[in-house]
Each structure stands twice: as C-alpha cells, then as structure tokens.
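Structure record follows, encoded as structure tokens.
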Amino acid sequence: MTKQTLLVTGGAGFIGSNFVHYWMKKNPQDTIINLDALTYAGNRESLADLEGQQNHVFVEGNIIDRELVNKIMADVDTVVHFAAESHVDRSILNPDIFLETNVMGTQVLLDAALKNKVKRFHHISTDEVFGSLELGSSEKFNEHTPYDPRSPYSAAKAGSDHLVRAYGETYGLPFTLTNCSNNYGEYHFPEKLFPLAITNLIDGLKVPVYGDGLNVRDWLYVQDHCSAIDRVLTDGKDGETYLIGGLTKDISNLEVVKMILSLMNKSEAEIEFIADRKGHDRRYSVDWTKINRELGWEPSVDLEEGLRRTIAWYENNQAWWRPLKEQAKDFFKANYKKEN
Ligand code: NAD
Ligand code: TDX
C-alpha cells in the first residue's frame, strides 16, 4: 500500500471528524493533517480518541490564512476539503462569514494546492446548490442539473464549486467534486434537525418542525458518505463530479420526525409546528446512479437502522452534546420564533 499525506480541512466538524476516523482506521499507513479553525461547529472532543496518534496532526487554524495554508500544504498529496460554514439557518441570520469561509477560504486552498502541486483536490459540496424540486414530482438532481442556489449558504457553496472547476479548467489543478445530500449520524452538531430532535426528546422537550413539515430531504448515514468519498478518492476520475444520496423514496421532515418519536417511544404530541425557514427549499432528491455505476458505491445503512444507531449514540454521549447545546443558546433564541 502506498503511503500518502492528506490535508483534511474541517476535520473537527461533523462529517470531517467521521471521515478522519474512517480513513485512519482503513489506511493506518497514511498521515492526516487536520486543519480546523474550531468555530462553534468544530470540536476537539470529536477527535479525543486520536490524541497522541503520530499520524494525525491537528492544526488549529483558518483556511483563509494564506501563509499557514501554504506552509502545511508543502508535503500534501491529497486535499479533502470539508471546512465550511454549513448551517442554512445561521446563513439566513448572518451571511457574511459564509462568503468569507466558503468562497474566499476555498480560493486560498486552491492557490496553495496549485503552488504545492498536490495530486488531487477533492471538494465536498452539497445537493443544495441545485435549488428546490417540486413537491410530489419524480424529478431528481443529477450531474447535469443547472445550479440554482436559494440560500446564502447554498449560494456560497455554489461559488466554491465554480471556483474549484475554474481552477481545474484554467490552471490544470487535478480535482474531483462531490455533491451530497443531508447527512446524519454520530458527532452531528445538535442544532441540525435530527440531533436537535433526539437531544430535545432525551430532555423531555418538544421537537420544532418548520412550516407544514412536508419539506423533503434525502438523508444519508454519515459513514456511507465517508465510503463514497473513499471511492472517489481511490478511483474517481480527474475533473469529474459525482452526486451522492441515500434514499430512493421521498420522506418528509414530519415523517422522519415521527420515525424518531416512535424509535424513542414518544408520542406525536411532542411535535411543535413553528414559523417556517425563510426561502425554505421544498424538496431535494438525488440520483446517485453515476457513482453507483462507475465506482460501485451504494449506501449500506437504511434510514431506520441509521436512526437507531444515531439515537443510541446521543443517549450514550451526553457529555459530548450538552455543552454544545448550552453554547448555542443565543442562536436558538434568535432562530426559533412561533410566528414569521
Ligand atoms: P460542520 O459545520 O459540522 O463542520 C464544519 C467544520 O469546519 C467545523 O469543524 C469548523 O470548525 C470548520 N471550519 C469552519 N470555518 C472554518 C475556517 N474558516 N477554517 C478552518 N475550519 C473551519 O459541517 P459538516 O456538516 O460536517 O459539513 C462539512 C462539509 O460537508 C461542508 O462543506 C458542507 O457544505 C458539506 N455538506 C454537508 C452536509 C450535511 O448534511 N451536513 C451535506 C452535504 C455536504
Ligand atoms: O428545528 C428544525 N426544524 C425543522 O423543521 C431544523 C433545525 C430544521 N428543520 C427542517 C429544515 C429542513 O427542511 O429540517 C430539514 C433539515 O434541516 P437541517 O438539519 O438544518 O439541514 P438542511 O438545512 O437541510 O441542511 C443540511 O443538509 C445539507 C446541512 O446543514 C447542510 O450543510 C447540507 O449541505
């Protein structure tokens, strides 16, 4: 097995920390440099079991810091770029930082990757760049769907996707790009829907559902996202984009919340309908046949099994999430209103 050095950005966040664990277990010969600014969403506790491991080097720093990024990129073979501001609701309250990190930060990384001749820049993106599909339609996003971002978050992510492709076309930077649907699982920050619902229910609180609850998301267990990235890093073709998704059938937020309630033996009286998100995308659905056909990837954990694992993890790891919910109090106050 050839040894390589990966630069993982945002590796103290939800998906990044899962990916670091996944990769180190599967490729113990490799070295991971983990660059993370430890914003509200980054947490060293998510990497606690890796403390002292020689081949995991944590660097606290910002992707926008050109000097630092250039320095740590020196011996890197592959960049896996997760770092981003990722919460749609926070982007509605305060868009500025989304542009700074997601667009400008990505450009700093791209420049450094070119300068240091990295062999592959893999950019992690989202299905939200494609906009919103009609409720009840059978349409799905695929690799040819035009971009139509509708929130400051997805607009900034779209900007970063365009920049990555532009660096490929203009300067010949070797890259791959994946657009994935909604992830859920261990180490998910407790202001996103699933962990918020589960932790509220553990505490005897209600589950806030925006609007009529009929919005549809395509849910994927985070470990399956990690295995998809692995397939793309290993066998993906230079300059290609792959869409990653988890479901084959629509499921509304309300239905998925009801699944969580039932798995936690709670009644539907625990649902609280609240004011809708501004510009709330109605429906996402991902056609993941390209990555399935070309790279042989498919999801391995279905929604019910993934939810069981996730609920058990939050029940058993209360010391991980309790301080995070406490820190997010101001956000909860600003975001949750009964009326629009
Ligand atoms: P997250 O918010 O949990 O983690 C983001 C991480 O990036 C945090 O550790 C944070 O400290 C770090 N970070 C933020 N700004 C930084 C900066 N300027 N410099 C260095 N580090 C910085 O996000 P996530 O849910 O793990 O998402 C990771 C990536 O995957 C993002 O690019 C997101 O757009 C994408 N994505 C997420 C989902 C999802 O469902 N969560 C789905 C598809 C794509
Ligand atoms: O309290 C809530 N009540 C509610 O009804 C919250 C937090 C959310 N919702 C709804 C909004 C969405 O329709 O649930 C759905 C999921 O919301 P989030 O967990 O905030 O995720 P979403 O906005 O879909 O974005 C996530 O998936 C795609 C990630 O945060 C993004 O980074 C990723 O790109």
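The values are calculated or read from the model by the stated rules, or taken from the named source; none is laboratory data. What you see is a predicted model; the values in this text were computed from it and never measured. Using ideal geometry, Cβ is built from the backbone for each residue, glycine included, and neighbour counts are taken over all protein chains shown.
Within segment 273-310, being away from ligand 2 (no atom under 16 Å from the Cβ) and hydrophobic (A, V, I, L, M, F, W, C) holds for I291, L295, W297, V301.
Within segment 87-118, which residues are among the hydroxyl-bearing types (S, T, Y) and within 26 Å of T31 (Cβ to Cβ)? Step through it out loud before you land on a result.
As a first pass, look at segment 87-118 and keep what is among the hydroxyl-bearing types (S, T, Y): 91, 101, 106.
Listed by number, the residues that qualify are T101, T106.
Looking only at segment 84-122, residues that are in a loop (DSSP other than H, G, I, E, B) and of a type in the set (S, T, N, Q) come to 3 in all.
Here are the criteria: (1) within 16 Å of ligand 2 (Cβ to nearest atom); (2) under 30 Å from Y167 (Cα atoms); (3) not basic (K, R). Tell me which single one D230 does not satisfy. In the conditions (1) within 16 Å of ligand 2 (Cβ to nearest atom); (2) under 30 Å from Y167 (Cα atoms); (3) not basic (K, R), D230 misses (1) alone. None of I311, I291 is aliphatic (A, V, I, L, M) and either away from ligand 1 (no atom under 16 Å from the Cβ) or not in a helix (DSSP H, G or I) (or both) except I311. When the criteria are applied in full, V216 meets the requirement of being within 16 Å of ligand 2 (Cβ to nearest atom), within 21 Å of the chain's Cα centre (by Cα) and modelled with pLDDT of 95 or more. Scanning segment 232-263 for residues that are assigned to a loop (DSSP other than H, G, I, E, B) and under 14 Å from F121 (Cα atoms) returns G236, K237, D238, G239, E240. Would you mind finding the one in T78, T126, T39 that is over 30 Å from T248 (Cα atoms) and either modelled with pLDDT under 95 or within 16 Å of ligand 2 (Cβ to nearest atom) (or both)? Being over 30 Å from T248 (Cα atoms) and either modelled with pLDDT under 95 or within 16 Å of ligand 2 (Cβ to nearest atom) (or both) holds for just one of T78, T126, T39, which is T39.
Selection of first residues in segment 165-184 that are over 21 Å from F130 (Cα atoms) and of second residues that are among the acidic types (D, E), restricted to Cβ pairs under 7 Å at least 6 apart or on distinct chains, gives the following pairs, ordered by first then second residue: P174/D238.
Annotation: of all residues in segment 171-229 being part of a loop (DSSP other than H, G, I, E, B) and of a type in the set (A, V, I, L, M), the one that is surrounded by the most Cβ atoms within 10 Å (Cβ to Cβ) is L173. Filtered by the rule that a residue be closer than 22 Å to Y184 by Cα, among the hydrophobic types (A, V, I, L, M, F, W, C) and not in a helix (DSSP H, G or I), segment 38-62 gives L38, A41. Any chance segment 294-301 includes a residue that's among the β-branched types (V, I, T) and closer than 25 Å to Y210 by Cβ? No: zero hits.
Among residues of segment 1-29 that are more than 21 Å from E60 (Cα to Cα), those with a Cβ under 9 angstrom from a residue that is of a type in the set (V, I, T) and assigned to a loop (DSSP other than H, G, I, E, B), sequence gap 6+ or separate chain, pair up as Q4/V76; Q29/T2. Residues being assigned to a strand (DSSP E or B) and over 15 Å from the mean Cα position of the chain (by Cα) are represented in segment 66-83 by at least one member.
Condition check for T145 on (1) free of Cβ contacts under 8 Å to residues at least 60 places away in the same chain; (2) part of a helix (DSSP H, G or I): one failure, at (2).
All of L110, L114, L163 fail the test of being surrounded by 20 or more Cβ atoms within 10 Å (Cβ to Cβ) and away from ligand 1 (no atom under 12 Å from the Cβ), apart from L110.
Here's the yes/no breakdown for (1) within 16 Å of A83 (Cα to Cα); (2) charged (D, E, K, R):
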position: K115; (1), (2): no, yes
position: I124; (1), (2): yes, no
position: D127; (1), (2): no, yes
position: G131; (1), (2): no, no
position: K140; (1), (2): no, yes
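Pairing residues of segment 206-232 that are among the polar types (S, T, N, Q) with residues that are within 15 Å of ligand 1 (Cβ to nearest atom), at Cβ distances under 6 Å and at least 6 apart in sequence or on separate chains, gives N215/N253.
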